[in-house]
Amino acid sequence: TGDALRAFHTAIRSSPVNTKNQAMKEQAQGTMLKVLTSFKSSEIEQAVSSLDRNGVDLLMKYIYKGFEKPTENSSAILLQWHEKVCVWCSLGLATLCRVLAS
């Protein structure tokens, strides 16, 4: 669990979001897909909840990119990640609504 989570955070932190180098972006996508598919289903929620809003946004971009170029069984795993991100987002929105209503 610790190794996968460390790899996950390293991949998120080192993401080449501001580069125009397509080869670098594709390499990062491939690395992130390997990291995401290395998680057990029971570990995904912890990984998602360990991110801030920007990290979750970036993760969602990687998930959708993974759907564009699926590998064997990656779509099923990416759907699990997508579900956990959606739950995280809805919890965040619920918290925001409670704060605004106060």
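The values are calculated or read from the model by the stated rules, or taken from the named source; none is laboratory data. Everything quoted here is computed from the prediction, not taken from an experiment. Cβ coordinates were reconstructed from backbone atoms using ideal geometry, including for glycine residues, and neighbour counts include every protein chain displayed. For accessibility, only protein heavy atoms count, side chains too; no ligands or nucleic acids. Shrake-Rupley method; radii C 1.70, N 1.55, O 1.52, S 1.80 Å.
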Expected single match for open to solvent by 30 Å² or more (accessible area, probe 1.4 Å) and more than 13 Å from the chain's Cα centre (by Cα) among Lys69, Lys84 is Lys69
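For every residue, the table says whether it meets (1) surrounded by 13 or more Cβ atoms within 10 Å (Cβ to Cβ); (2) within 16 Å of Leu5 (Cα to Cα).
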{"site": "Ala23", "(1), (2)": "no, no"}
{"site": "Gln29", "(1), (2)": "yes, no"}
{"site": "Ser42", "(1), (2)": "no, yes"}
{"site": "Ser74", "(1), (2)": "yes, no"}
Please work out which one of (1) touching an Asp or Glu at 6+ places or on another chain (Cβ under 9 Å); (2) at pLDDT below 90 is the condition Gly92 fails and give its number. (1)
